[in-house]
Amino acid sequence: MLRFLLLFSRQGKLRLQKWFTPVTEREKKKVIREMTLMVLARPPRSCNFLHWRDLKIVYKRYASLYFCCGLEDQDNELLTLEVLHRYVELLDKYFGNVCELDIIFNFEKAYFILDEFLMGGEILETSKTAVGIAMEEAETLQEVTPPPPPPPLTHTHGHLSLTHLPKYVNMFSVLFTDNGGVYE
Amino acid sequence: MSPSVRLQEMIRVIRGARTQGEERGVIQRECAAIRAQFRQADNGTRSHNLAKLLYVHMLGYPAHFGQMECVRLIASPRYNEKRVGYLGAMMLLDEKQDASLLITNSIKNDLSHSSQYVQSLALCTLGCMGSAEMCRDLAPEIDRLLRASNSYIKKKAALCAVHIVRKVPELGELFTPASRSLLSEKNHGVLHGAVVLITELCERNPETLEQFRKAVPELVQIMKGLVMSGYSPEHNVAGISDPFLQVRILRLLRILGRNNETASDAVNDLLAQVATNTDSSKTAGSAVLYETVLTVMDIKSESGLRVMEYISMTSLQKIVQTDHNAVQRHRGTIVDCLKDQDASVKRRALELSLALVSAVNIRSLMKELLLFLSSCPPELRAHTTSGIFNAAERYAPSQRWHIDTILHVLTTAGGDVRDETVPNLIQLITTATELHCYTVHKLYRALIADISVQSLVQVACWCIGEYGDLLLRGECEETEPVQVAEDDVLDALETVLQSHMSSPATRGFALTATMKLSTRITHNVDRIRSIVSIYGSCIDVELQQRAVEYNALFKKYDHMRAAVLERMPVIDKSSPGHTNGESAGGSIKEMEPTKRTQEVVLPQEPANQVCDLLDLLGGSGEPPQPSPALSTTMLGPVSSTAGGDLLDLLGGLDVTPVPPSVIVYEKNGVTLKLQTDRQTDTGMTITLTATNSTDREITSLTLQAAVPKSVQLQMKAPSGDVIPAHGLGQVTQTVLLNNPNKVSLKMRVRVCYTSQDFVCQDTVQIDSFPSPAW
C-alpha cells in the first residue's frame, strides 16, 4: 500500500498531502521536510525511485510540481509511476489543462478527486472515466448557498498578476515528455 | 460564481504577503476570524471557514481548534458541509485524537444514507483513518455493503474492509465469504478491490489461503481476458488493458501459487502468455512484466521451470534498460540461474548479470561470474570473458583486484579471450607501478605451471622481461617470498621458446624478454648471448630478424644496450607501437595515464540538442531514438541514429595513410585529436583526446557527434570534463561506430567548453579516419 502522497513545488512549498497511515503532526512535518530535500536534490535525469528508511519512494515531476509517494516493499514501483500519471490525468480532465495554480486555489477539489481514485493506500478505481463521472454527480448535490457579492473584476486581475506567482504552466502538456519539465 | 470565492480570496491575500512575518500576520487575523465564526450559530459559511482553515493547516500552521468544527460539519444534513467536514476529519483528526470517536456515530448513520455519495464519504473516511474500535464497531455494516449495493459502493466497501482487516486482523473471517463472490463482478473497480481484499486476507491467514486456492482458475480466466482482450478505452493505458488490475492479480497468483504444485501449474501458461504478449516499451507494460517476473521467480513448478526462467530473464532484460534498480534486487536469483543446467537459461542469466554489474556489486558478482566461467559451455566462453573484462575495466575497485581478475580469467579460459586482451593487460600492468613486483611474481608462477595458454604466456614473458630484476630480488610484500634464481628465469623463457605449443608471436615475446633480461641480471649474460645467437639462424623469419638485431646490439652497439633496454615508461593507451613491448622504435608518448572516474554521470544529450546537430547535417530523415522513459545514473551508452543528406557531400572515403593520431580541432589552446583504436569491415572504435595548452583549466567539456544515416553511434562516458592547464592532463572519450551498410564514414563533432569564463562551441567535420594504431 501507499503510505503517503505529497505534492510540492520546486521551491518546496507543499500543495497537497495525503497520509494513509496514522502519523503525528511532528512526524508528518519531518517526512515532508526530508522528502522535499531528497527529491529536490535529485539531478534532472536520474531514476524515479529512491530508498528511504524502509520505504521505496517514487517521484515524478510534472511542470512545476513534484508528485512523491512512499511505498511498502512489496509494491510495484513501476505501477506507482502509472498511478501518479493517472492522477495527473484525472486532474487535467477535471480542471481542463491543469496547472499548479488550479491545485493551489482548488485544493479541496484535488483532494476529492484523489479520494475517488485512491483509498487506504490502494487504487480504488481503475477506469479513467468513472472518477470524472462521480465528481460531476457529487457536484450536483452541492447545495448552492447564496454566494457573497463578487469582488470587482479589476481587483481579481490585479491579484493574479503578483510577481511571485509561478508562471501559468500547463502541466498536462508536459505529461508526455520524460523527467523534468521544459518550462520554467 | 463559486461559493468558495472567499476561500480563494484568502488564498490570494496570503500569497500576496511579501515576507514570512506578513504572512503570519495575515493568517493570524484570518484564524481569529474563523474562530469567531465557528463560535457563532450556523450562518451558511461554516464549510468555507473550515476550508480556509485546512489551507492554513497545509501551510504548516496549527489548526487544532477546527477539530470540533469538523465533527459538527460531519453531522450536518447538507452535503457540501459534510464533504468539507469529512475532508477536515481526514486532515486534522487521527485515531489518536479523542474527537475521532465522536464521528463514529455520524459515520454509522451516513453508511446507511440514501445517497451513495454520502455513503461514500463515510466509507472513505473510515477507510483512511478509522481506529481499531471504530472498525470493530462498523465492520458488520461494511460487510453488508459488500454484498448488497451498487458497484460504486461495493468497491469502496472492499477497500474499507482492507483497512479494517489491517487494523483488526481477526475480522478477516467476517469478510471472507463476501469477498469470494466479488470475484465474479464485471466492474473493474470492484474486481480490483476484491483482489486487494483477498490478497490481504490470504497473507494473514493460511487457512483462508487454502480456501482461495480454488479460485486460481477463475483468476487466471480474468487475467487472460485482460491480456487478450481488444481495446477498451476506459481502462487502456499505453496499449495495456487495465495494468493496475493485472498487476494485482499477478501478485495474488504469486501468493496462491507459492509452494503449491497444482496452483503453479495452472498459472504457468498464463505467465508465459502475459510475458510474450505484453509490450514493455512503456512503463505500464514494464510494470506488468516486472510483476510477472516476480511471480515466476516465486512459484515453483516441475514442467514449466526452464521455460519460465527463460521468459523471466528475457523480460528482465527488457526492464533493466528502463529500470535498473528494480532488477538489482533479484540479482541473487539471476546468479542462481547461472548455475542452471539449461544452456539458454545460462546465456540469458549471463547477459543479465553483465547488464547488472555496477560499482556496488562488482566484487560479489565477479566472483559468481568467474565461477561460472570455469564451468560454462564453450560457446559462451568468449562472450563471458569479454563481458568480464568490460565490467572489470569499468568498475574495478582497485588495480590489484583488476589484475587478479584478468589473470584468473586468463588461467581459466585464456584460449577464449580476444586478441586485444594482451596489450590491454600489459598497459594496465604498467600503470599499476606499486604492483609490478606482485604481478611479476604471480605471472612467473603461472608461467612455470603451464605454458599452453598463449595470452597468459605472452603477458608473463613481457613482464618478466620488464620487471625481471624485481623477480630476482625475491622479496615482495604482497605474496610469499620465493627465491628465484637467474637460471630458473632463463630456463622458463627458454622452455617457452623451444616449446611446440608456443605460437610465433609468443616466441617473439619470449626472445625479447630474454634480451631485456641481459641488462637486468648480472651473472648469466653469456647464456643470453648464446640463446640469441642460436636464434639468429632460426627458420621463423621474424624470430631470426630479432635475434640478428639483438646480436648486433651485443656486438657492435654494446654501449647502447643498457639505454635501449631500460625500463619502459608508463604506456598511454592511445599510443602506437606498444604491441610487443618493443623498447626500441615507435614513438611512445609519455603521458600520464588518464584517470578513470568510477561513476561518471553521463549527461545524456537531450533530444533537442541532438536534433540541432542533425540539422547541421542537412535535415534529418528519422527522429532520433527516444531516450527510455526512466533514465538511470548508470554509465550507459547513449545511442542516436542520425539522419541527414550527408551522402551528397561525400565523394567517397579517402583512405590515405596518415599517422595514427590526427588533430581534428585546434583553437584557443584546446586540441582535439582523434585516433582509431580498432577498425573492422563494419565499424570502428575511435578515441577522441582533448588537451589544453593554456594557463587555465578548461571546464565543462562536452563532445557531441553525428554520423550519416544508417551508421550507429555510441559514445562512451568521457573520462571527465575538465582539462588541466599546461598540457598536464587530458580528457578522452571513446566512440563506437557501427557501419553495417558500409557507407562512407564521416562524422561531425561539436565541441563545447568553457575557457577563461567564455563558453566556446565549435563544430568540426571529420572526413577521413586514421588507420588503427595496431
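The values are calculated or read from the model by the stated rules, or taken from the named source; none is laboratory data. Only a predicted model underlies this, so the values are computations on that prediction, with no experimental measurement involved. Note that we place each Cβ from the backbone using ideal geometry, even for glycine, and neighbour counts take in every protein chain shown.
Residues in segment B:136-149 that are at pLDDT 90 or above and not charged (D, E, K, R): B:Leu138, B:Ala139, B:Pro140, B:Ile142, B:Leu145, B:Leu146.
Inclusion of B:Val320 among residues that are more than 10 Å from every other protein chain (Cβ to nearest Cβ), at pLDDT below 80 and within 30 Å of B:Gly189 (Cα to Cα) is not warranted. Checked against (1) closer than 21 Å to B:Met90 by Cβ; (2) surrounded by fewer than 18 Cβ atoms within 10 Å (Cβ to Cβ); (3) facing chain B (nearest Cβ under 10 Å), A:Arg26 meets all criteria but (3). Taking segment B:214-313 and the helices (runs of 4 or more DSSP H) fully enclosed by it, the elements with 1 or more residues that are within 14 Å of chain A (Cβ to nearest Cβ), modelled with pLDDT under 80 and under 29 Å from the mean Cα position of the chain (by Cα) are at B:283-298.
Can you find even one residue in segment B:21-36 that is part of a loop (DSSP other than H, G, I, E, B) and on the phi < 0 side of the Ramachandran plot? For segment B:21-36, residues part of a loop (DSSP other than H, G, I, E, B) and on the phi < 0 side of the Ramachandran plot: absent.
Which of the residues spanning segment B:146-158 are surrounded by fewer than 21 Cβ atoms within 10 Å (Cβ to Cβ) and farther than 23 Å from B:Glu207 by Cβ? Hits for segment B:146-158 are B:Ala148, B:Ser149, B:Asn150, B:Ser151, B:Ile153. Checking each residue in segment B:105-151 for being closer than 21 Å to A:Phe112 by Cα, of a type in the set (Ser, Thr, Tyr) and under 50 Å from the mean Cα position of the chain (by Cα) picks out B:Tyr117, B:Ser120, B:Thr125, B:Ser151. Within segment A:89-122, the set of residues being β-branched (Val, Ile, Thr) and either buried (at least 24 other Cβ atoms within 10 Å of the Cβ) or more than 9 Å from chain B (Cβ to nearest Cβ) (or both) comprises A:Val98, A:Ile103, A:Ile113.
Screening A:Arg42, A:Arg86, A:Arg33, A:Arg61 for residues that are at pLDDT 90 or above, within 14 Å of chain B (Cβ to nearest Cβ) and either over 16 Å from the mean Cα position of the chain (by Cα) or on the phi > 0 side of the Ramachandran plot (or both) leaves exactly one candidate, A:Arg33. Within the set B:Ser771, B:Ser755, B:Ser693, the sole residue that is surrounded by 19 or more Cβ atoms within 10 Å (Cβ to Cβ) and closer than 18 Å to B:Ile663 by Cβ turns out to be B:Ser755. Count of segment B:385-417 residues, restricted to those that are under 18 Å from B:Leu356 (Cβ atoms), exposed (fewer than 15 other Cβ atoms within 10 Å of the Cβ) and of a type outside the set (Asp, Glu), is 2.
Selection of segment B:356-396 for residues being β-branched (Val, Ile, Thr) and farther than 24 Å from B:Thr314 by Cβ yields B:Val360, B:Ile362. The set of residues in segment B:159-176 being out of contact with any strand residue (DSSP E or B) (no Cβ under 9 Å at 6 or more places or on another chain), surrounded by 24 or more Cβ atoms within 10 Å (Cβ to Cβ) and facing chain A (nearest Cβ under 10 Å) consists of B:Ala161, B:Ile164.
Flag: A:Thr21 matches the condition of being part of a loop (DSSP other than H, G, I, E, B), surrounded by 14 or more Cβ atoms within 10 Å (Cβ to Cβ) and β-branched (Val, Ile, Thr).
Take B:Ile11 and decide whether it is over 20 Å from A:Asp115 (Cβ atoms), facing chain A (nearest Cβ under 8 Å) and aliphatic (A, V, I, L, M). Here the answer is yes, as B:Ile11 does meet what is asked. Within segment B:352-384, the set of residues being crowded, with 19+ Cβ neighbours inside 10 Å, assigned to a helix (DSSP H, G or I) and either in contact with a Ser or Thr (Cβ under 8 Å, 6 or more places away or on another chain) or small (Gly, Ala, Ser) (or both) comprises B:Ser353, B:Ala355, B:Leu365, B:Met366, B:Glu368, B:Leu369, B:Phe372, B:Leu373. Residues in segment B:25-47 that are at the interface with chain A (Cβ under 9 Å from one of its Cβ atoms) and touching a residue at least 12 places away in the same chain (Cβ under 8 Å): B:Thr45, B:Ser47. State whether one or more residues within segment B:71-87 are acidic (Asp, Glu), more than 49 Å from the chain's Cα centre (by Cα) and within 11 Å of chain A (Cβ to nearest Cβ). For segment B:71-87, residues acidic (Asp, Glu), more than 49 Å from the chain's Cα centre (by Cα) and within 11 Å of chain A (Cβ to nearest Cβ): present. Has segment B:353-360 got at least one residue that is over 19 Å from the mean Cα position of the chain (by Cα) and in contact (Cβ under 8 Å) with a residue 24 or more places away in the chain? Scanning segment B:353-360, I find no residue that is over 19 Å from the mean Cα position of the chain (by Cα) and in contact (Cβ under 8 Å) with a residue 24 or more places away in the chain, so the answer is no. In segment A:73-108, what residues are under 24 Å from B:Leu252 (Cα atoms) and outside any helix (DSSP H, G or I)? Residues satisfying the conditions are A:Asp73, A:Gln74, A:Asp75, A:Asn76. Among the helices (runs of 4 or more DSSP H) confined to segment B:42-125, the ones with at least 2 residues that are out of contact with any Lys or Arg (no Cβ under 9 Å at 6 or more places or on another chain) and among the aromatic types (Phe, Trp, Tyr) are located at B:79-92. Considering only segment B:435-459, state which residues are under 12 Å from B:Leu410 (Cα atoms) and part of a helix (DSSP H, G or I). Across segment B:435-459, the qualifying residues are B:Leu443, B:Ala446, B:Leu447, B:Gln454, B:Ser455, B:Leu456, B:Val457, B:Gln458, B:Val459.
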